[in-house]
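Undergrad: Have a look at this one before I ask anything.
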Amino acid sequence: MASSKTGRVVFDRFLERWLPQIVVSPLFATSLLFVYGFIAWTVYISFTKSGVMPNYTFSGLSQYIRLWTTPRWLVALENLFIFTSLFIVGCMVIGLLLAILLDQRIRSEGLIRTIYLYPMALSFIVTGTAWKWILNPTLGIEKIIQGLGFESFNFDWLVDPKMAIYTVVIAGIWQSSGYVMALFLAGLRSVDDEIIKAAAIDGAGPVRIYASIILPIVRPVFFSAFVILSHLAIKSFDLVMALTGGGPGYATDVPATFMYSFAFQRSELGTAAASAVMMLVTITAIYVPYLYSELRRPAK
């Protein structure tokens, strides 16, 4: 009887110590295989001459050389730079202005905040499809304004190879600026009111208070928003595919659509893997400094 009680106590202690690990181990093993395992597989494939099917014969940097000598890849990088820079700046500026407006505790703040945040609840596929209708020269803004009597009005960016990438920027900003507003609003509301009151007593106006006191205090929010928006911009595959499909031609190609095209349409798996690795390196270059700064920050 005593031995059975002892065994039960040992078993209970074993469960108490190892139950969390037992519970999460299947998820950990699945993530290890299907996330990090396939990342490692993709990295290796990028060093092979894989075409339609994987070819595991090592070929060095040949795929990367081919990648960087492909004009379409250079166009994709240029588009990514344009989209990322305008997308981040636009979301930051609009989000900050909206947050400052709502920080004045205006009437119907809850309703306005919900309206601004609603686009973030939509997927990029829905956003791209909606803006494809809005910007279509035969259906959207151009058609409506011409119907009002302004027959010379022209807004055909969606089908203009030089301007199509900016339609992607417009749709992306429309969806994500509300989320940035929420981040900034949370940061603004965390500032101690006593600091603001003291500055007002000293004669500082609203612009001076925000520029010299409040915004420097919420500086970490800027960095967090930058990291999140950069990640969204780099993986903007679904938005581009729904809005322009990478066209006209490949005028709005970004690295994500380039990778998809070479992997599933042109059956050049090695080049697609090389482009995926370059995207991974870019994301890592953004996230590693962020994680480093967060881990270095002393605990409060």
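Undergrad: Being open to solvent by less than 50 Å² (accessible area, probe 1.4 Å), within 26 Å of PHE38 (Cβ to Cβ) and touching a residue at least 24 places away in the same chain (Cβ under 8 Å) narrows it down to one of PRO248, PRO255, so name that one.
TA: On the way: PRO248 fails: within 26 Å of PHE38 (Cβ to Cβ).
Step by step, each of PRO248, PRO255 is checked, and only PRO255 is open to solvent by less than 50 Å² (accessible area, probe 1.4 Å), within 26 Å of PHE38 (Cβ to Cβ) and touching a residue at least 24 places away in the same chain (Cβ under 8 Å).
Undergrad: Here is a list: ALA225, ALA233. Which entry is at pLDDT 85 or above, among the small types (Gly, Ala, Ser) and touching a Cys at 6+ places or on another chain (Cβ under 9 Å)?
TA: Working: ALA233 fails: touching a Cys at 6+ places or on another chain (Cβ under 9 Å).
Exactly one of ALA225, ALA233 is at pLDDT 85 or above, among the small types (Gly, Ala, Ser) and touching a Cys at 6+ places or on another chain (Cβ under 9 Å), namely ALA225.
Undergrad: So, one more: Any residue at all in region 49-67 that's hydrophobic (A, V, I, L, M, F, W, C), out of contact with any Gly (no Cβ under 6 Å at 6 or more places or on another chain) and farther than 24 Å from ALA256 by Cβ? Steps first, please.
TA: Let us first name the residues in region 49-67 that are hydrophobic (A, V, I, L, M, F, W, C), namely 52-53, 58, 61, 65, 67.
Going one step further and asking which of them are out of contact with any Gly (no Cβ under 6 Å at 6 or more places or on another chain), we end up with 52-53, 58, 61, 65, 67.
From what's left, farther than 24 Å from ALA256 by Cβ: 58.
Within region 49-67 (the criterion being hydrophobic (A, V, I, L, M, F, W, C), out of contact with any Gly (no Cβ under 6 Å at 6 or more places or on another chain) and farther than 24 Å from ALA256 by Cβ), the answer is yes, since at least one residue qualifies.
Yes/no per residue for (1) open to solvent by less than 60 Å² (accessible area, probe 1.4 Å); (2) in contact with a helix residue (DSSP H, G or I) (Cβ under 8 Å, 6 or more places away or on another chain); (3) at pLDDT below 90:
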position: TYR36; (1), (2), (3): no, no, yes
position: TYR44; (1), (2), (3): no, no, no
position: THR48; (1), (2), (3): yes, yes, no
position: TYR56; (1), (2), (3): no, yes, yes
position: GLY90; (1), (2), (3): yes, yes, no
position: LEU98; (1), (2), (3): yes, yes, yes
position: ILE106; (1), (2), (3): yes, yes, yes
position: ILE112; (1), (2), (3): yes, yes, yes
position: PRO119; (1), (2), (3): yes, yes, yes
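Undergrad: Of all the helices (runs of 4 or more DSSP H) wholly in region 149-260, which have at least 3 residues that are among the aliphatic types (A, V, I, L, M)? First the steps, then the outcome.
TA: On the way: elements: 164-189, 193-201, 206-209, 219-234, 237-243, 255-260.
Of the helices (runs of 4 or more DSSP H) lying wholly inside region 149-260, those with at least 3 residues that are among the aliphatic types (A, V, I, L, M) span 164-189, 193-201, 219-234, 237-243.
Undergrad: Can I ask one more? Considering only residues that are of a type in the set (Ser, Thr, Tyr) and surrounded by fewer than 18 Cβ atoms within 10 Å (Cβ to Cβ), look in region 68-88 and name the one that is nearest to ILE228 (Cα to Cα).
TA: The initial filter retains those residues of region 68-88 that are of a type in the set (Ser, Thr, Tyr), namely 69-70, 84-85.
Adding the requirement that they be surrounded by fewer than 18 Cβ atoms within 10 Å (Cβ to Cβ) leaves 69-70, 85.
Numbers: THR69: 30, THR70: 29, SER85: 13 Å.
Per the criteria, the residue is SER85.
Undergrad: Taking the conditions exactly as written (more than 30 Å from PRO216 (Cβ to Cβ), modelled with pLDDT under 90, acidic (Asp, Glu) and in contact with a helix residue (DSSP H, G or I) (Cβ under 7 Å, 6 or more places away or on another chain)), does ASP156 satisfy them or not?
TA: In short, yes.
Undergrad: A further question follows. Quick test of your reading of the structure: MET279 fulfils all but one of (1) of a type outside the set (Phe, Trp, Tyr); (2) in contact (Cβ under 8 Å) with a residue 60 or more places away in the chain; (3) touching a Pro at 6+ places or on another chain (Cβ under 6 Å). Name the failing condition by number.
TA: The one condition MET279 does not meet is (2).
Undergrad: Can you pull out the residues in region 236-245 that are open to solvent by 60 Å² or more (accessible area, probe 1.4 Å) and touching a helix residue (DSSP H, G or I) at 6+ places or on another chain (Cβ under 6 Å)?
TA: Pass one, region 236-245, residues open to solvent by 60 Å² or more (accessible area, probe 1.4 Å): 237, 241.
Result: PHE237, single match.
Yes or no, residue by residue, for (1) more than 27 Å from the chain's Cα centre (by Cα); (2) buried (at least 19 other Cβ atoms within 10 Å of the Cβ):
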{"position": "ILE144", "(1), (2)": "yes, no"}
{"position": "SER152", "(1), (2)": "yes, no"}
{"position": "ILE165", "(1), (2)": "no, yes"}
{"position": "SER212", "(1), (2)": "yes, no"}
{"position": "PRO216", "(1), (2)": "no, no"}
{"position": "SER224", "(1), (2)": "no, no"}
{"position": "LEU229", "(1), (2)": "no, yes"}
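Undergrad: Continuing with this model, one more query. Using the structure shown, decide if TYR287 is surrounded by fewer than 19 Cβ atoms within 10 Å (Cβ to Cβ), closer than 30 Å to PRO54 by Cβ and of a type in the set (Ser, Thr, Tyr).
TA: Working: surrounded by fewer than 19 Cβ atoms within 10 Å (Cβ to Cβ): yes; closer than 30 Å to PRO54 by Cβ: yes; of a type in the set (Ser, Thr, Tyr): yes.
So TYR287 fits the description; yes.
Matching residues to (1) touching a residue at least 12 places away in the same chain (Cβ under 8 Å); (2) polar (S, T, N, Q):
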residue: TYR118; (1), (2): yes, no
residue: THR129; (1), (2): yes, yes
residue: LYS132; (1), (2): yes, no
residue: GLU142; (1), (2): yes, no
residue: ILE145; (1), (2): no, no
residue: GLY149; (1), (2): no, no
residue: ALA182; (1), (2): yes, no
residue: LEU185; (1), (2): yes, no
residue: SER190; (1), (2): yes, yes
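Undergrad: Please pick out the residue among VAL191, VAL126, VAL180 that is among the hydrophobic types (A, V, I, L, M, F, W, C) and open to solvent by 30 Å² or more (accessible area, probe 1.4 Å). If you could, list the steps in order and put the result at the bottom.
TA: Numbers: VAL191 fails: open to solvent by 30 Å² or more (accessible area, probe 1.4 Å); VAL180 fails: open to solvent by 30 Å² or more (accessible area, probe 1.4 Å).
Step by step, each of VAL191, VAL126, VAL180 is checked, and only VAL126 is among the hydrophobic types (A, V, I, L, M, F, W, C) and open to solvent by 30 Å² or more (accessible area, probe 1.4 Å).
The values are calculated or read from the model by the stated rules, or taken from the named source; none is laboratory data. Remember, it's a predicted structure, so these values are computed and weren't measured experimentally. FYI the Cβ positions are ideal-geometry reconstructions off the backbone, even for glycines, and counts take in every protein chain you see. Side chains included, ligands, DNA and RNA excluded: accessible areas come from the protein's heavy atoms. Shrake-Rupley method; radii C 1.70, N 1.55, O 1.52, S 1.80 Å.
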